[in-house]
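Undergrad: Before I ask anything, let me first share the structure, which is written out below as structure tokens.
The values are calculated or read from the model by the stated rules, or taken from the named source; none is laboratory data. A quick note: this is a predicted structure, and the numbers were derived from the prediction, not measured. Here the Cβ is made from the backbone with ideal geometry for all residues, glycine too, and neighbour counts use every protein chain on show. Surface accessibility is based on the protein's heavy atoms, side chains included, excluding ligands, DNA and RNA. Shrake-Rupley method; radii C 1.70, N 1.55, O 1.52, S 1.80 Å.
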Amino acid sequence: TNTNDRSVFLRRESAARGYCRRFDTVFTSARGSLMRDEAGREYIDFLAGCAALNYGHNDPAMREALLAHIGADGLAMGLDLHSTAKRAFLDTFESVILKPRGLPHRVQFTGPTGTNAVEAAMKLARKVTGRHNIIAFTNGYHGVTLGALAATGSAYNRMGLPLSGVTRVPFDGYMGSDMDSAALLARLLDDPSSGVDAPAAILLETVQGEGGLNAASPGWVQRIAALARQHGALLIVDDVQAGCGRTGSFFSFEPMGIVPDLVAMSKSLSGFGLPMALVLIHPDHDQWRPAEHNGTFRGNTHAFVTATAALQTYWREPGFEAEIARRAALTHAHLERIGREVPGSVLKGRGMMQGLDVHSGDLAGQVCSLAFARGLVIETSGAHDQVLKVLAPLNTPLPLLEQGLSILHGAVTDTLA
Ligand code: PMP
């Protein structure tokens with residue numbers, strides 16, 4: 001039979017394919033936090049499209065909205081033309097997200113990936129300030145095109161290419177607990193002989209997803225934000241992975257009391273897994289000229305439709321943040337128990353972006369493989385793939401979340417045995 005036949009992928013798909021190598025099956029369908037393969041096996045999803053599926057697969061409200069739009073011959077491909085779908089998204093984003101948080105930002109739709117949004121933000125910061133240097137941080141991940149890649153820490157992704165225009169500084173915690181890298185950055189920026197050029201922007205994730213679930217402390221982020229202001233640099237928060245509720249609030253920086261100049265978002269913005277990305281621009285900095293930063297796919301109208309439904313379903317009424325917090329607490333408690341079995345392991349992350357650093361990529365990989373064999377899709381992150389990364393949909397039913405965490409626990413126990 002052809003069930004789960006993978007031969008064409010091996011024969012024809014470029015060696016660039018990645019995730020599929022660990023989860024070596026052929027998926028057919030998914031609903032909520034469950035995925036199904038061609039052989040009819042079910043998997044609990046702790047990968048959630050790498051945080052592109054914060055509301056799970058095929059959310060009924062979004063699906064209904066999308067099917068209605070398509071059924072009515074709704075505009076599908078819109079370049080950046082005005083459309084009713086885009087208007088509904090902008091109105092909803094303004095009333096549900098921006099206004100209640102007192103954010104005056106404008107919205108720039110970019111090409112449809114997180115990388116595109118980061119590129120646009122870096123480019124705008126350079127235009128606004130007339131400077132070139134961007135400060136980024138160790139273990140940061142911002143994308144794979146040459147500008148965003150320069151800001152990405154991963155040597156594996158950097159491929160030894162001659163990338164330029166970025167100065168990398170230790171992220172919070174990177175130098176150990178008793179040394180503050182914000183103080184180091186302050187010193188570098190104050191010293192004309194440091195070799196660090198005046199920055200156009202400081203670019204950071206408040207929780208580094210790919211870098212190993214490194215969560216910055218609020219105080220550190222505030223000090224970095226103050227440095228950006230003091231030195232005339234724009235503060236760019238990359239909320240591509242940590243945004244859309246992943247850390248507990250819609251924006252990851254909300255508990256930190258800072259207002260970034262620019263925010264890059266993508267992944268779970270459409271809520272349905274459709275490609276969509278944007279940059280939030282403080283009005284002081286909206287210096288783009290029309291069509292200066294183009295992109296054919298800046299307007300995925302289907303994504304606007306599901307994104308609007310996502311905001312109306314999950315963010316219009318209070319309560320979702322409490323739901324996320326309950327799941328985050330459950331995840332934390334479980335990971336603590338699992339961590340006790342792995343000597344020296346460290347709990348990482350924040351909200352529904354937590355994991356366990358087991359200090360060994362081999363061990364973490366074996367755990368993921370065993371977990372997968374037992375019906376759990378879970379990935380690793382970190383410079384050595386040494387962090388087990390729990391990225392379940394934010395609305396995963398509590399019993400299913402428990403079940404997934406139990407599979408993970410058993411996989412750790414049995415891998416170590
Ligand atoms: N920034 C962050 C923080 C990310 O996690 C990612 C993707 N993992 C990106 C940017 C790039 O997004 P994309 O893969 O959609 O280009």
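Undergrad: Scan the range 262-279 and tell me whether some residue there is more than 30 Å from G74 (Cβ to Cβ) and in contact with a helix residue (DSSP H, G or I) (Cβ under 7 Å, 6 or more places away or on another chain).
TA: Within the range 262-279, one or more residues are more than 30 Å from G74 (Cβ to Cβ) and in contact with a helix residue (DSSP H, G or I) (Cβ under 7 Å, 6 or more places away or on another chain).
Undergrad: Among the strands (runs of 3 or more DSSP E) contained in the range 94-200, which hold 2 or more residues that are under 22 Å from S270 (Cα atoms) and either more than 16 Å from the ligand (Cβ to nearest atom) or at pLDDT below 95 (or both)?
TA: 106-109
Undergrad: Report every pair of residues separated by at least 6 positions or lying on different chains whose Cβ atoms are under 7 Å apart, first residue within the range 265-287 and more than 22 Å from T247 (Cα to Cα), second in a loop (DSSP other than H, G, I, E, B) and away from the ligand (no atom under 12 Å from the Cβ).
TA: H282/P104; H282/H105; H282/D261; P283/P104; H285/D261
Undergrad: In the range 239-268, what residues are within 11 Å of the ligand (Cβ to nearest atom) and open to solvent by 10 Å² or more (accessible area, probe 1.4 Å)?
TA: Of everything in the range 239-268, those that are within 11 Å of the ligand (Cβ to nearest atom) and open to solvent by 10 Å² or more (accessible area, probe 1.4 Å) turn out to be V240, Q241, K267.
Undergrad: Give the range 1-57 a look and list any residue that's of a type in the set (A, V, I, L, M), within 25 Å of A364 (Cα to Cα), open to solvent by less than 60 Å² (accessible area, probe 1.4 Å) and more than 16 Å from the ligand (Cβ to nearest atom), or say none.
TA: V26, L34, M35, I44
Undergrad: On to the next question. Restricting the search to the range 224-259, which residues are under 21 Å from T129 (Cβ atoms) and in a helix (DSSP H, G or I)?
TA: Within the range 224-259, I224, A225, A226, L227, A228, R229, Q230 qualify.
Undergrad: Let me ask something else about it. Give all pairs with beta carbons closer than 6 Å in which a residue from the range 383-397 that is within 17 Å of A329 (Cα to Cα) meets a residue that is of a type in the set (D, E) and at pLDDT 95 or above; count only pairs at least 6 apart in sequence or on separate chains.
TA: K389/E379
Undergrad: Evaluate the range 357-378: report whether one residue or more is closer than 19 Å to N214 by Cβ, within 18 Å of the chain's Cα centre (by Cα) and open to solvent by 10 Å² or more (accessible area, probe 1.4 Å).
TA: no
Undergrad: For the range 329-343, how many residues are touching a strand residue (DSSP E or B) at 6+ places or on another chain (Cβ under 9 Å) and open to solvent by 40 Å² or more (accessible area, probe 1.4 Å)?
TA: Residues in the range 329-343 being touching a strand residue (DSSP E or B) at 6+ places or on another chain (Cβ under 9 Å) and open to solvent by 40 Å² or more (accessible area, probe 1.4 Å): 2 in total.
Undergrad: Determine the pairs where a residue that is over 15 Å from G209 (Cβ atoms), located within the range 135-156, has a partner that is in a loop (DSSP other than H, G, I, E, B) and within 11 Å of the ligand (Cβ to nearest atom) with Cβ atoms under 8 Å apart, the partner being 6 or more residues away or on another chain.
TA: Note: pairs meeting the criteria are L149/H142; L149/G143.
Undergrad: Search the range 291-316 for residues that are more than 24 Å from E64 (Cβ to Cβ) and pair each with any residue that is of a type in the set (S, T, Y) and not in a helix (DSSP H, G or I) when their beta-carbon atoms are under 7 Å apart and the residues are at least 6 apart or on different chains.
TA: Short answer, once both residue conditions are applied: G295/T110; R298/T110.
Undergrad: Looking at V412, V387 in this structure, which one is surrounded by 23 or more Cβ atoms within 10 Å (Cβ to Cβ) and over 23 Å from the mean Cα position of the chain (by Cα)?
TA: Testing whether each residue is surrounded by 23 or more Cβ atoms within 10 Å (Cβ to Cβ) and over 23 Å from the mean Cα position of the chain (by Cα) leaves just V412.
Undergrad: Here's a follow-up. Which members of the range 333-370 meet the condition of being among the basic types (K, R) and assigned to a helix (DSSP H, G or I)?
TA: Selection gives R337 alone.
Residue-by-condition table, conditions (1) touching a strand residue (DSSP E or B) at 6+ places or on another chain (Cβ under 6 Å); (2) buried (at least 20 other Cβ atoms within 10 Å of the Cβ):
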residue: R87; (1), (2): no, no
residue: V118; (1), (2): yes, yes
residue: A121; (1), (2): yes, yes
residue: L124; (1), (2): no, yes
residue: G143; (1), (2): no, yes
residue: L146; (1), (2): no, no
residue: A151; (1), (2): yes, yes
